[in-house]
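A.B. asks: A single structure is presented below for examination.
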Amino acid sequence: MNGIGLINATGQPAIAGSFHTLVVQPTSFCNLDCTYCYLPDRKSRRLMSGAVAQACAESIAQQRSGHPVSVVWHGGEPTATPIGLFRDLLTPFEELRCAGMVRHEIQTNATLINRQWCELFTAYGFEVGVSIDGPGALNRNRLDRAGNPTDARTLRGMQTLADAGVPYSVICVVTPETIDHAGALGDFFTGLPGCQSVGFNIEEQEGADRAPVSEDAAYRFWQHLIKRRVGGNPLRIRDVDRLADYLAATRAGHVDHAPYEPIPTVSWDGQVVLLSPELLGITEPRYGDFIAGNVLHQPITAMLARAGDLDYVAEFVTALNDCADHCAFYDFCRGAQAGNRYFEHATFTARETTYCRTTRQALVRSAADHLTPYGGAP
């Protein structure tokens, strides 16, 4: 299937007409109340029905793309879903999973993880991602609804995973308060039992009334982690690995011109947004509710075929072209994420975002300066 629009610099489709990732929301509820959370409905205890899960599985089967789809169970907090219901939601995907067409992932705060969840993860071959921002005070933004710290509960959940032989990765949100603690964060994640890798998400502007992380601070953060990695630290860092993979592919002459992933995200009631899970539940006068359709009424492939008619998707294609035509980092970055453009600039047409500067450009610059004795441009 053709993509949505073209990238002028390559003549390739801008956005793919099929999907490799499907984000699903089994519940809108979260048991935590993190200070930087963007989810508008995290207090609502609404649950996905089996009919929505069935429709999602049918959308995967109907696209007949030949590649496996990662079904990412997100939230809310997905393990706040009653485990019996969650198991029922997995049933429509099981034939596809056994045929190698689906693999399951989950992103969790791990505070509710117990032996039963570990058994489910093992039985269905889940890749598990845990959200924690560091030890003690470095995790200060991840609070429960009474304002209490949650790091001890998350650590207990991660130990339960490790004891059950379930490996996991970590996502750490790095804030202005923690950006200068790269060493402490590196030590903490290196020492976690069962932790396979960590991805550092420098805090994004998603409605929070706070100053963003500066470029200089982000540069120092990445520089420290790169020095640790080059010095032999065993911790796998998602962001550094991506840069290393890109450099290896470039040296081999295999620059990736794959279209941008549409990242369909399905809410508990079947509503679908494209390009960014963060748009789910958001309503804005200019763009409406960002809904591309409802999976109960039409397959996701049909939504993708008409996605160019959505104002925000059309604007994002324009922005990707602007990046491709003018940004020296485009081949690595592949265009700033749609959610960042919107939440930072209230439009999808902005070319550069704070996310670009702190999570992509600062990473590349710090790596280039570390590997080039006298510094220099990447």
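A.B. asks: Quick one: which residue in Gln62, Gln54 is touching a Pro at 6+ places or on another chain (Cβ under 6 Å), assigned to a helix (DSSP H, G or I), polar (S, T, N, Q) and modelled with pLDDT of 95 or more? Walk me through how you get there before you give the answer.
C.D. replies: Numbers: Gln62 fails: modelled with pLDDT of 95 or more.
After ruling out the rest, the residue left standing is Gln54.
A.B. asks: If you check Tyr355 against the conditions, is it within 20 Å of Tyr219 (Cα to Cα) and assigned to a helix (DSSP H, G or I)? Give the derivation first.
C.D. replies: On the way: within 20 Å of Tyr219 (Cα to Cα): yes; assigned to a helix (DSSP H, G or I): yes.
Judged against the criteria, Tyr355 is a match.
A.B. asks: Give the residue that is nearest to the chain's Cα centre (by Cα), with candidates limited to residues of segment 327-349 that are among the aliphatic types (A, V, I, L, M) and modelled with pLDDT of 90 or more.
C.D. replies: Restricting attention to segment 327-349, the residues satisfying the condition of being among the aliphatic types (A, V, I, L, M) are 328, 336, 338, 346.
Filter once more, keeping what is modelled with pLDDT of 90 or more: 328, 338, 346.
Working: Ala328: 24, Ala338: 12, Ala346: 20 Å.
Within segment 327-349, the match that is nearest to the chain's Cα centre (by Cα) is Ala338.
Table: residues versus (1) assigned to a loop (DSSP other than H, G, I, E, B); (2) over 20 Å from Val273 (Cβ atoms).
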| position | (1), (2) |
| --- | --- |
| Phe19 | yes, no |
| Phe29 | yes, no |
| Arg42 | yes, no |
| Glu58 | no, no |
| His67 | yes, yes |
| Gly75 | yes, no |
| Glu94 | no, yes |
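A.B. asks: Are there any pairs with C-beta distances below 7 angstrom linking a residue in segment 50-76 that is more than 20 Å from Phe126 (Cβ to Cβ) to a residue that is assigned to a helix (DSSP H, G or I), with the two at least 6 apart or on different chains, and if so which?
C.D. replies: Filtered contacts from segment 50-76: Ser59/Ile300; Ser59/Thr301; Ala61/Leu96; Gln62/Thr301; Gln63/Thr301.
A.B. asks: Residues of segment 242-280 being closer than 16 Å to Ser59 by Cβ, hydroxyl-bearing (Ser, Thr, Tyr) and outside any loop (DSSP other than H, G, I, E, B), which ones?
C.D. replies: Matches in segment 242-280: Thr265 only.
A.B. asks: Provide a single number: the residues in segment 288-326 that are surrounded by 18 or more Cβ atoms within 10 Å (Cβ to Cβ), assigned to a loop (DSSP other than H, G, I, E, B), free of Cβ contacts under 8 Å to residues at least 40 places away in the same chain and over 21 Å from the mean Cα position of the chain (by Cα).
C.D. replies: Number of matching residues: 1.
A.B. asks: Just checking, does segment 173-194 include any residue being in a strand (DSSP E or B) and either surrounded by 18 or more Cβ atoms within 10 Å (Cβ to Cβ) or in contact with a strand residue (DSSP E or B) (Cβ under 6 Å, 6 or more places away or on another chain) (or both)?
C.D. replies: From segment 173-194, those in a strand (DSSP E or B) are 173-174; that's our starting set.
Filter again for either surrounded by 18 or more Cβ atoms within 10 Å (Cβ to Cβ) or in contact with a strand residue (DSSP E or B) (Cβ under 6 Å, 6 or more places away or on another chain) (or both), leaving 173-174.
Looking for residues that are in a strand (DSSP E or B) and either surrounded by 18 or more Cβ atoms within 10 Å (Cβ to Cβ) or in contact with a strand residue (DSSP E or B) (Cβ under 6 Å, 6 or more places away or on another chain) (or both), one finds at least one in segment 173-194, hence yes.
A.B. asks: Collect the residues in segment 77-89 that are outside any helix (DSSP H, G or I) and either charged (D, E, K, R) or closer than 19 Å to Glu58 by Cα (or both), keeping them in residue-number order. Explain how you work it out, then say what you get.
C.D. replies: Applying the first criterion (outside any helix (DSSP H, G or I)) to segment 77-89 yields 77, 81-82.
Within segment 77-89, just Glu77 meets the criteria.
A.B. asks: If I ask for residues that are under 28 Å from Ile179 (Cα atoms) and hydroxyl-bearing (Ser, Thr, Tyr), which ones from segment 103-161 would you list?
C.D. replies: Selection gives Thr108, Thr111, Ser131, Thr150, Thr154.
A.B. asks: Could you check how many residues of segment 96-121 are assigned to a helix (DSSP H, G or I) and touching a residue at least 24 places away in the same chain (Cβ under 8 Å)?
C.D. replies: Step one: of segment 96-121, the residues assigned to a helix (DSSP H, G or I) are 96-98, 115-121.
Filter again for touching a residue at least 24 places away in the same chain (Cβ under 8 Å), leaving 96-97, 115-121.
Total satisfying the criteria: 9.
A.B. asks: Then there is this: Of the conditions (1) at pLDDT 95 or above; (2) closer than 29 Å to Arg153 by Cα, Met101 fails just one. Which one is it?
C.D. replies: Single failed check for Met101: (2).
The values are calculated or read from the model by the stated rules, or taken from the named source; none is laboratory data. Predicted model only: the values in this text are computed from it and were never measured. Cβ: placed from backbone, ideal geometry, glycine included. Neighbour counts: every protein chain shown.
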